[in-house]
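The values are calculated or read from the model by the stated rules, or taken from the named source; none is laboratory data. The structure presented is a predicted model; accordingly, all values stated were derived computationally and were not measured. Cβ atoms come from the backbone with ideal geometry, glycine included; neighbour counts cover every protein chain shown. To get the accessible areas, we keep the full protein, side chains included, count just its heavy atoms, and leave off ligands, DNA and RNA. Shrake-Rupley method; radii C 1.70, N 1.55, O 1.52, S 1.80 Å.
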Amino acid sequence: MTTSPSSGLAEFGPDDERLLKAYLGERRHLVDEALRRALPVPERWPKTLHESMAYSLFGGGKRIRPVLVLAAFEAVGGTSDLPWDAALPAACGVEMIHTYSLVHDDLPAMDDDDERRGQPTNHKVYGEGLAVLAGDGLLTEAFGAVLDPDAYGGTADFALMAKVARGLSRAAGWLGMVGGQSLDLGMETPVDSHEQLAFLHRRKTGELFRFSCWAGAVLGRANEAACAAMGEYGETLGLAFQVVDDVLDELQDTTERADDAAETPSFPALIGLDASRTLASDLAERALRSLDGFGPEADPLRRLAWFTVHRDH
């Protein structure tokens, strides 16, 4: 593992944004193709359920989590000996988990949202019952994708597949994303400080980011230290991503914001807008430092840390 320390966010600029956007577009295409293979159209039934699942899965997401799997796989040298197929099952799995969580989040019993990414939410198109089943289907298929030996292009390693599947269950389960959602619904301890809010988002968002980078490194056959460093990068980036989301929401015109936005805990509401921007930058710097042991193959991850705090949407 070649050392290539970063001097921090200040070293990046417009060229890095251009390179990152090109990289994200190329990797997103790989992920979309793999997702279509993992969720084929049924010949007879249940066509409507499949339509509901595909409606959300191919509804215009950024594919950040699956791209992180591929970027981490590449950063540890996975592509030097292995095909992309060695990492794509985990990329598909984490995106299916993320999508199911959004379908369920939008339901009236949770966030009660009518739109996502400018389109009607799943339950508004297919009804609440089918939206629940679509989420259930995506959750189940996520583990089917990770554990399908035929999807690995001849590189299936059953021990690694089991390790990744277990990691995904922990990241998505009651101690990870689902636990964070329980906090977000106000079912656990009050979220009345930025420490509690950070704890919430490290579970709800950071755990899947952490898993994505860790899994990419595991499937790239990296050593334990490299896998741990990738996991630290992912979790820290995930929290930075959420802080910036809160900042962008705060800066939106109030007529464009959700009616209940003021009731949702946010970093600007708890520590102020300037302090939130500083926190996001500090987190991105910390994420960059997690990559100090990696060579230029990790540059897409470095650019993503920079872009996270400079994006406008």
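Here the chain has 51 percent of its accessible surface on carbon and sulfur atoms, given a 1.4 Å probe and all protein chains in place.
Tally Lys and Arg at +1 and Asp and Glu at -1 over the other residues with C-beta under 12 Å from the C-beta of D150: what net charge comes out? Result for the neighbourhood of D150: -1. Quick check: from the Cα gyration tensor, does the range 166-313 come out rounded (a/c under 1.5), prolate or oblate? Oblate is the answer for the range 166-313, as a/c is 1.5 or above yet b/c matches or exceeds a/b.
Phi-derived couplings, Karplus 6.51 cos²θ - 1.76 cosθ + 1.60 at θ = phi - 60°, listed residue by residue for the range 77-83: x, x, 6, 6, 10, 10, x Hz, with x used for Gly and Pro.
For the range 1-122, the solvent-accessible area works out to 48 Å² per residue, with a probe of 1.4 Å and every protein chain left in place.
Lysine pairs in the chain whose alpha-carbon atoms fall under 26 angstrom of each other, counting only those eight or more residues apart or on distinct chains, come to 8. A probe of 1.4 angstrom, applied to the heavy atoms of all protein chains, finds W84 with accessible area near 60 square angstrom.
The shape of the range 86-194 comes out oblate: with a ≥ b ≥ c from the C-alpha gyration tensor, a/c is at least 1.5 while a/b does not beat b/c. Our note on the geometry: Cα centres of the range 191-227 and the range 108-154, 22 Å apart.
In a fully extended conformation the segment linking D112 and L248 would gain 46.9 nm over its present Cα-Cα distance, using 0.36 nm per residue.
Straightening the chain between D192 and A275 buys 28.2 nm, computed as 0.36 nm per residue apart minus the Cα-Cα spacing.
Taking square-rooted eigenvalues a ≥ b ≥ c of the alpha carbon gyration tensor, is the chain rounded, prolate or oblate, where a/c under 1.5 means rounded and, failing that, a/b exceeding b/c means prolate? Oblate, since a/c reaches 1.5 and b/c is not below a/b.
Here the Karplus curve 6.51 cos²θ - 1.76 cosθ + 1.60, taken at θ = phi - 60°, turns the phi angles of the range 87-99 into couplings of 10, 5, x, 5, 4, 5, x, 5, 5, 5, 4, 4, 5 Hz, with x standing for Gly and Pro.
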